[in-house]
Each structure stands twice: as C-alpha cells, then as structure tokens.
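Shown next, in structure tokens, is the structure this report addresses.
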Amino acid sequence: MKGINMIYLDYAANTPACETVIQGFVECERRFPMNPNSNNPLAKPAKEMLEDAKNRLARVLKVKPNEMIFTSSGTESNNLAIKGIAAEHGARKKHIITSFLEHSSTLGPIGELEKQGFEIDYVQLDPRGKIDFEHFQSLLREETLLVALCEVDSEVGILQDIHMLSKYIKEHSDALVHIDGTQAVGKVPIHLEYVDSYTFSGHKIYGLNGIACLVLKESVIIEPLHHGGLSISPYRSGTPSLSLIDSLARALSLLETKREANYTYVESLRKELIDFFENYNQVRINSTQASIPFITNITLIDIKAEEMKNQLAEKGFFLSTKSACSSPYAPSRAVYALSKDKKGARSTLRISLSHLTTRDELDAFKEIFDKELRSFNHE
C-alpha cells in the first residue's frame, strides 16, 4: 500500500482521455479555427478534415459517413433517437419494448412517452441477465414501434446478443431497433447490420467529454429535438465541433486496434477479483457469466455500500455504488431486476476495470477491502 495515492476503479463512469487524443484535439483546434460549414474559402481544409474524421469513424463502425449524428453526450443521443422516432412515427404505432437494465437516459424518455399515451412493455430477463427470448417473442407485435435496449448495461455489465435480437426483430416485424452501446463500444465487436440507431460516447472510450455519436441509418427518419442552425445533419443543428469529432474518431480507432488484447487482460483481472469476493459470506456477486469483465457488481450483506465506498475513498480507492447517472437513494434497478432483492439492490458496489488497471492496484484493493470489511464486522 505504501506510495499509493489514488487507485481508480470507476472506468464505467468515465475514462481518462488518452494523451494522443488530447494532443490531437489541441493540434486540431490550432490548425482549424474556422467553421467547417462556412462558405469562406478558409473553411475548405476544415471541411476536408471533418470528412476524414467521419470516414475514419464510419470504417470502424461499418456504417456510412452520412449515418452519424454528433451530439454532446450519450444522454442526448438516446433522447434524440427515442423521442425523435416517437415524434415522427408515433401517430401510427405506440408500443415500445425495453428492459429494466437500461440507463436512465433511455428509461427517462421512454417514461415521458408513456405519459403521452405510449404503451411500454419491459421484457423479462433469464437468471444470467440475458433477454428472455421467449418472453421477448411474445411481446413483439404488429403495433410495436420501437425496441430500445442496451448492448451492455452500466451496472452489472450484462452483454446482450444484439445481433441476434435485432435480426429477429427485422425478420418478424417492422419495429425500429435502438441500441445504447455506450458501455460496449471499444470492448466488444460492433455489429450494426440490423440496428436502426446506436449510441456511444467519447468519455467512455478514453476520448473527451462533450462528444458522442448517434448512428442513425439513412432509411430512418426522425423528428429533430432542435430546429434552426444548419449543421452536418438535419437532425441535430448547431456548428459542428471539428476538434471533438476528430478526437472521437481518434479515440475509437486507437481503442479498436487493442480491443481483443485489452479484453483478454481485463478478463484475467476480473477472474482474480471474482475468486477473491467468493471468499466472503457478506458479499454476493451480482454480475453473471453473461457480464463483460470490465464491470463487476456486488451486494454487501448487512453493510451499507455507501459507507464502504466512502471508507475506501478515504484510503485512496475510488469506485461507485451504481451508475453515475442513477439516483443515489433508489435501489439499483438492474440488480433488483436480476435478484428481486430490494434490500440487496440498495447496497451495491460497482468495480469497473480497464486495461490501465494494474495487478498491483488490484492486489492493493483486495487488501484494503478485506481490512475495511473486517472493521465493519467489529463495530
């Protein structure tokens, strides 16, 4: 423990920006002070740089450059897609399917749509946290407008088979498919062949805060949230931030080249962590075999997780109890959906790892966690 000042274990909330991304952003700001949309001849190099950034992103995502809308956050992207689809197509269909694993930026707009008369169904989960396919089949019908699901949930880390689900939806209905890929991009392979809209954010992939992307297939029309101020997309007005868009392309391209190696390394760390937690009767592991290794969620039995989190922070170890966008007092919706244990869902810790996490850091965490858990038992 000696010499350790801070050990960060909250990568699912925010990742540190890669130095290459930061330097690229600064260089781009200096080289291109002009508006890429301007008709000023000086804007031509900026426009070319913008097109290059879009092409780099499109290659990684395997979509067309014109199928990307750049927003400020995953929250804005999810709202734009969900509300935009509902506003454009909701006059003829008003049925939406989602799950209780979703981020608040998905369930929030869906909740607002329910107030406007939309019918919402929540698909059940199997014991691993995967979508119960038989129940999903029973929910999908002719009136279904939208299926909105996360590829990886932010609290327990359950990975859904989005490719299989979206393919089934397209073969058996006219419903649109919206996927929140914020916790998936850069960690698992991207398959958007049957997906209509897809979101991810820069600050989750070692890029910058303030830039995110909504992939919207060109066959899909939505109602914009904002009007006026022509941009690079008719669905999201405003001057495009060239440097931020370039930083997103840079971050995703860099991460994708190391994705498989990063996954294997983090998987080995996660195994050590799970083996460690299994030694304690007061720890229930909520993450399942369907969870990606980057997120491990546990319930502390008869101990307040908020107090444990604060105790760990005092020693220089930083993790979270739930998603950064969750209400601090409500039980974890995702954990409750899996366990049906409301008390246990109120006392969760989320340890999110990264390829930047070292084994020394993990060993130090295990040592201090053991000491803190023992101290609670002796109070």
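Only the coordinates and a few stated rules stand behind these numbers; no lab work does. Just so you know, these numbers come straight off a predicted model, no measurement behind them. Virtual Cβ from ideal backbone geometry, glycine too; neighbours counted across all protein chains shown.
When each of the peptides 251-263, 206-218 is scored by how many other beta carbons lie within 10 Å of its residues on average, the order from highest to lowest is 206-218, 251-263. Each listed q (0.18, 0.19, 0.26 Å⁻¹) maps to a log10 I(q)/I(0) for region 239-278, found by the Debye formula over equal Cα scatterers with no solvent: -0.62, -0.65, -0.81.
The residue list 289, 85, 176 was ranked by how far each Cα lies along the charge dipole of the chain toward its positive end, using unit charges on Cβ atoms, and 85 comes out on top. Here the translational diffusion coefficient of region 332-379 follows from Stokes-Einstein with Rh set to the Kirkwood radius across Cα pairs; for 25 °C and 0.890 mPa s it amounts to 189 µm²/s. Dividing the convex hull volume of the alpha-carbon atoms in region 167-258 by its residue count gives 107 Å³ per residue. One decimal place: the segment residue 124-residue 281 gains 53.7 nm when fully extended, by the rule 0.36 nm per residue minus the C-alpha distance. Taking a straight Cα-Cα cut-off under 13 Å and skipping sequence neighbours fewer than 8 places away in the same chain, the aspartates and glutamates within cross-link reach of residue 47 are 246. Listed options for log10 I(q)/I(0) by the Debye sum over Cα atoms at q = 0.11, 0.14, 0.15 Å⁻¹ are (i) -0.92, -1.26, -1.36; (ii) -0.90, -1.37, -1.50; (iii) -0.80, -1.21, -1.33. The value calculated from this structure is the one marked (iii). In region 102-184, Cα pairs under 8 Å separated by at least six residues give a relative contact order of 30 percent.
Where does the chain land at 222 nm, in deg cm²/dmol rounded to the nearest 500, when only DSSP H runs of n ≥ 4 count, each adding -39500 (n - 2.57), divided by all residues? That comes out to -12500 deg cm²/dmol.
Normalised by the number of residues in region 228-344, the mean separation of alpha-carbon contacts (under 8 Å, six or more apart) gives a relative contact order of 13 percent. Pairs of Cα atoms nearer than 8 Å and 6+ residues apart set the relative contact order; for the chain it is 23 percent. When only alpha carbons are used to place a centre, region 18-32 and region 79-144 end up 39 Å from one another. Taking the average, over residues, of other Cβ atoms within 10 Å as the packing measure, peptides 53-64, 341-352, 273-284 rank 341-352, 53-64, 273-284 from highest down. Taking the Cα atoms only, what angle lies between the long axis of helix 242-257 and the longest principal axis of the chain, rounded to 10 degrees? Here the helix axis deviates by roughly 50 degrees. For the chain, the longest principal axis of the C-alpha atoms and the axis of helix 162-172 are separated by about 50°. For the chain, a simple Cβ point-charge model (Lys and Arg +1, Asp and Glu -1, everything else neutral) yields a dipole of about 420 debye relative to the Cα centre. Multiplying the residue separation of residue 139 and residue 66 by 0.36 nm and removing their Cα-Cα distance gives an extension gain of 23.0 nm. The alpha-carbon positions of region 269-348 define a convex hull whose volume is 107 Å³ per residue. Relative to the longest principal axis of the C-alpha atoms of the chain, give the angle of the C-alpha long axis of helix 359-377, reported between 0 and 90° and rounded to the nearest 10°. Helix 359-377 sits roughly 50 degrees off the main axis of the chain. In straight-distance terms, cross-link reach from residue 271 covers every one of the aspartates and glutamates whose alpha-carbon lies under 14 Å from its own, apart from those fewer than eight places away in the same chain; here that gives 363. Spherically averaged projected area of the convex hull of Cα atoms, region 216-358: 12.7 nm².
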